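S.K.: Would you mind keeping the following structure in view while I ask a few things?
The values are calculated or read from the model by the stated rules, or taken from the named source; none is laboratory data. Quick caveat, the model's predicted, so the values are computed rather than measured. Backbone-built Cβ (ideal geometry, glycine too); neighbour counts: all protein chains shown. Just the protein is used for accessible areas: all its heavy atoms, side chains included, with ligands, DNA and RNA removed. Shrake-Rupley method; radii C 1.70, N 1.55, O 1.52, S 1.80 Å.
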Amino acid sequence: MPGTDSGPLTLAGRFNYYSSTHLGAVARFYARLHRRLFDRFGGTRFATLFGHPVLELTVPGRKSGQPRPVMLMLVRSGDTLLVCGSNGGNPGTPNWWKNLLAADHADVRIGRETFPVTTRVVTDDTEYATHWQTLTAAYPHFTTYRALSPRHFPIAVLTRADA
């Protein structure tokens, strides 16, 4: 799907793409630091990235079984949350996505609130297109990632399990 989105490529999106594809160690360091600071302040600080809200998704590692937290963009669609395996446009699928597919449970933390979620991968093309519009409206840099990347970005719908 490269180049299928209309609209300008964002500077921040280009920076993230470059970081993801050429500065992997730096990008991973920043991601871990961001998550640690979010955790240290109990979700009350470092709850945004480039001015957009984030969530912490924790899934067990597919090999280790240990909790693997990752910071992702917070995108709501009604009562559900959407997550996209964009990996900043990197040609490789993110490890957190592989863990999510293999996991039997996951938890989301938004601010101080943590709750379990169920996961459903979007496979229908029409539903995908609708959710893609929601994702890019909330975080426009996804458009840049997809324009620069050769791969399809998977989308999952997270539904609160304790509701």
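S.K.: Under 6 Å between Cβ atoms, which residue pairs at least 6 apart in sequence (or on different chains) link something in the range 84-99 that is on the phi > 0 side of the Ramachandran plot with a partner that is hydrophobic (A, V, I, L, M, F, W, C)?
M.R.: Filtered contacts from the range 84-99: GLY89/LEU148.
S.K.: If you don't mind, another one. Quickly run through the range 42-66 and pick out the residues that are over 25 Å from LEU11 (Cα atoms) and open to solvent by less than 20 Å² (accessible area, probe 1.4 Å).
M.R.: GLY43, LEU57, VAL59, GLY61
S.K.: Related question: May I ask you to list the residues in the range 93-141 that are aromatic (Phe, Trp, Tyr), at pLDDT 95 or above and closer than 24 Å to ARG32 by Cα?
M.R.: Listed by number, the residues that qualify are TRP96, TRP97, PHE115.
S.K.: Can you report the number of residues in the range 8-25 which are within 18 Å of the chain's Cα centre (by Cα) and either surrounded by fewer than 17 Cβ atoms within 10 Å (Cβ to Cβ) or assigned to a loop (DSSP other than H, G, I, E, B) (or both)?
M.R.: Within the range 8-25, residues that are within 18 Å of the chain's Cα centre (by Cα) and either surrounded by fewer than 17 Cβ atoms within 10 Å (Cβ to Cβ) or assigned to a loop (DSSP other than H, G, I, E, B) (or both) number 6.
S.K.: Using the structure shown, decide if VAL75 is in contact with a Ser or Thr (Cβ under 7 Å, 6 or more places away or on another chain), among the hydrophobic types (A, V, I, L, M, F, W, C), surrounded by 16 or more Cβ atoms within 10 Å (Cβ to Cβ) and in contact (Cβ under 8 Å) with a residue 40 or more places away in the chain.
M.R.: So VAL75 passes the test.
S.K.: Of everything in the range 55-95 that's part of a loop (DSSP other than H, G, I, E, B) and within 20 Å of ARG112 (Cβ to Cβ), which residue is farthest from the chain's Cα centre (by Cα)?
M.R.: Taking the candidates together, the pick is ASP79.
S.K.: I need every pair where a residue in the range 26-40 that is free of Cβ contacts under 8 Å to residues at least 24 places away in the same chain and surrounded by 13 or more Cβ atoms within 10 Å (Cβ to Cβ) has its Cβ under 8 Å from the Cβ of a residue that is assigned to a helix (DSSP H, G or I) and of a type in the set (S, T, N, Q), sequence separation at least 6 or different chains.
M.R.: TYR30/SER19
To keep it simple, each residue is scored yes or no on (1) at pLDDT 85 or above; (2) over 28 Å from ALA147 (Cβ atoms).
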position: THR21; (1), (2): no, no
position: PHE29; (1), (2): no, no
position: HIS34; (1), (2): no, no
position: PHE50; (1), (2): no, no
position: PRO53; (1), (2): yes, no
position: GLU56; (1), (2): yes, no
position: SER64; (1), (2): yes, yes
position: PRO67; (1), (2): yes, yes
